[in-house]
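The values are calculated or read from the model by the stated rules, or taken from the named source; none is laboratory data. None of the values given here were measured: they were computed from a predicted structure. Please note: Cβ atoms are built from the backbone with ideal geometry, for glycine as well, and neighbour counts cover all protein chains shown. Side chains are part of the model used for accessible areas, which takes the heavy atoms of the whole protein and leaves out ligands, DNA and RNA. Shrake-Rupley method; radii C 1.70, N 1.55, O 1.52, S 1.80 Å.
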Amino acid sequence: MKKIITIVGARPQFIKASVVSKSIKESGAMQELVVHTGQHFDANMSDVFFEQLGISKPAFELGIHSAKHGEMTGRMLIEIEKILIQEQADRVMVYGDTNSTLAGALAASKLHIPVAHVEAGLRSFNMQMPEEINRILTDQLSDILFCPTETAVSNLRAEGFESKPVAIHNVGDVMQDAALHFAAKAVPPSGLQGHTGFILATLHRAENTDDLARLADIVQALNDVHKNLATVVLPLHPRTRKAIQQAGIHLEVEVIDPVGYLEMIWLLEKAELVMTDSGGVQKEAFFFGKSCVTLRDQTEWVELVEVGANTLVGADPERIRAAAQSAFGRRVQDTQQLYGGGQAAARIVALMN
Ligand code: UD1
Ligand code: UDP
């Protein structure tokens, strides 16, 4: 039986890996060991997802977090290498574009262990983003590139991947699998039962939190929208909480702690609009039929902008307010199955068999 080592560490990776792990188990043809780098470590950023989504308990927990990029990635590389040598894995699987993704792919490729990258080929074309660096390098180190969209496949073609000895597949987006699978299990976050008519917001990307002018502008716009349009519910990422406290900025929206995935789905189902800089949440808004206002200058999910479901507004308060006003309550429909229709995990496992 093939032995797969899955490397995860950050919140969105638990969600993505949960559906693939389930398919791996169902296939009966592979054994999976999960390595948790520890990048995310608060109970509501990590444990809750293992509990809610039925992911196997990690075989290894590295506890590496809260460091600068080089140190975090370097320490992960050292520890993952030891595990890969010990476990003699046939394949390593990595997800998305975090430091945990890059560390896993680099450790494996140096040991000549084949790497499968789930969410390959995405590009923002902004090399200032840590995620862009991580995803470009991870794609270069992978021999199976599981793309979520046709755009992602085109990006790889444009970078010359077709002439490399690698496999490129558009399997669709595993996050759609997760959204469909867990939708029926949604639960309200504590204290929010019965809430309606609100806007769901999330904010955590370094390009926004680490630039105080951008952060202040976005917060000001969210405060205005909350006062003048509709309640803004903001499950606040620890990175943003720290940045806002340090900068002495005042958030006047309905701030809650980060929530589990089942609570997040409930918020997505009930919201009238989503405002976010998250990669995953942009698509989840679409999966649940809601318009999205994206607090970034670029997106990797360009299809959503093309079909009018997503408006890119950057950090300009006027654009944010205007977009929120015009998109509030506007429903969107997935008429073209832009993200594969929820079969990604099964396709991935079939292709690895
Ligand atoms: C990481 C990813 C980002 C992804 C996000 C998902 C990188 C470079 N970035 O960003 O692409 O969108 O995860 O949420 O890998 N912290 C806590 N508790 C936690 C987790 C983090 O307090 O459970 C704090 C850390 O101590 C640190 C800050 O949040 O101060 C940022 O954490 P880090 O893992 O470096 O990056 P994220 O912003 O979470
Ligand atoms: N999410 C969650 N609870 C929250 C905020 C987000 O479960 O409080 C989920 C969200 O539904 C999505 C994933 O986390 O599935 C996205 O992760 P995040 O926004 O942290 O990272 P990104 O997608 O930007 O890398």
Checklist line | Which numbered condition Leu106 misses (of (1) under 18 Å from the mean Cα position of the chain (by Cα); (2) within 15 Å of ligand 1 (Cβ to nearest atom); (3) open to solvent by 30 Å² or more (accessible area, probe 1.4 Å)) | finding: (1)
Check: Can you tell me which of Glu71, Glu87 is among the acidic types (Asp, Glu) and either in contact (Cβ under 8 Å) with a residue 24 or more places away in the chain or in contact with a Lys or Arg (Cβ under 8 Å, 6 or more places away or on another chain) (or both)?
Finding: Glu87
Notebook entry, point to check: Given Met93, Met76, which one is out of contact with any strand residue (DSSP E or B) (no Cβ under 8 Å at 6 or more places or on another chain) and either among the basic types (Lys, Arg) or buried (at least 18 other Cβ atoms within 10 Å of the Cβ) (or both)?
Noted result: Met76
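Please state which one of Thr151, Thr101 is out of contact with any strand residue (DSSP E or B) (no Cβ under 6 Å at 6 or more places or on another chain), touching a residue at least 60 places away in the same chain (Cβ under 8 Å) and part of a helix (DSSP H, G or I).
Working: Thr101 fails: out of contact with any strand residue (DSSP E or B) (no Cβ under 6 Å at 6 or more places or on another chain).
Going through Thr151, Thr101 in turn, just one is out of contact with any strand residue (DSSP E or B) (no Cβ under 6 Å at 6 or more places or on another chain), touching a residue at least 60 places away in the same chain (Cβ under 8 Å) and part of a helix (DSSP H, G or I): Thr151.
Look at Ile199 and say whether it is buried (at least 19 other Cβ atoms within 10 Å of the Cβ) and more than 21 Å from Gln343 (Cβ to Cβ). Outline the logic, then answer.
Working: buried (at least 19 other Cβ atoms within 10 Å of the Cβ): yes; more than 21 Å from Gln343 (Cβ to Cβ): yes.
The answer is yes for Ile199.
Please work out if Asp277 is within 16 Å of ligand 2 (Cβ to nearest atom), touching a helix residue (DSSP H, G or I) at 6+ places or on another chain (Cβ under 7 Å), open to solvent by 40 Å² or more (accessible area, probe 1.4 Å) and not hydrophobic (A, V, I, L, M, F, W, C).
Numbers: within 16 Å of ligand 2 (Cβ to nearest atom): yes; touching a helix residue (DSSP H, G or I) at 6+ places or on another chain (Cβ under 7 Å): yes; open to solvent by 40 Å² or more (accessible area, probe 1.4 Å): no; not hydrophobic (A, V, I, L, M, F, W, C): yes.
When the stated conditions are applied, Asp277 does not pass them.
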Check: Do we have any residue at all in segment 46-58 that's buried (at least 19 other Cβ atoms within 10 Å of the Cβ), modelled with pLDDT under 95 and touching a helix residue (DSSP H, G or I) at 6+ places or on another chain (Cβ under 6 Å)?
Finding: yes
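For (1) in contact with a Pro (Cβ under 9 Å, 6 or more places away or on another chain); (2) of a type in the set (A, V, I, L, M, F, W, C), each residue gets a yes or a no:
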site	(1), (2)
Leu234	no, yes
His250	no, no
Val255	yes, yes
Phe286	no, yes
Notebook entry, point to check: Only one residue in Gln31, Gln88 is more than 16 Å from ligand 2 (Cβ to nearest atom), more than 30 Å from Lys185 (Cα to Cα) and open to solvent by 20 Å² or more (accessible area, probe 1.4 Å), so which one is that?
Noted result: Gln88
Notebook entry, point to check: If you go through segment 239-273 one residue at a time, how many are within 10 Å of ligand 2 (Cβ to nearest atom), open to solvent by less than 10 Å² (accessible area, probe 1.4 Å) and aliphatic (A, V, I, L, M)?
Noted result: 3
Notebook entry, point to check: Which residues, taken from segment 195-215, are over 24 Å from the mean Cα position of the chain (by Cα) and either aliphatic (A, V, I, L, M) or not in a loop (DSSP other than H, G, I, E, B) (or both)?
Noted result: Ala213
Notebook entry, point to check: Only one of (1) charged (D, E, K, R); (2) buried (at least 16 other Cβ atoms within 10 Å of the Cβ); (3) under 20 Å from Pro148 (Cα atoms) is not met by Asp316, so which one is it?
Noted result: (3)
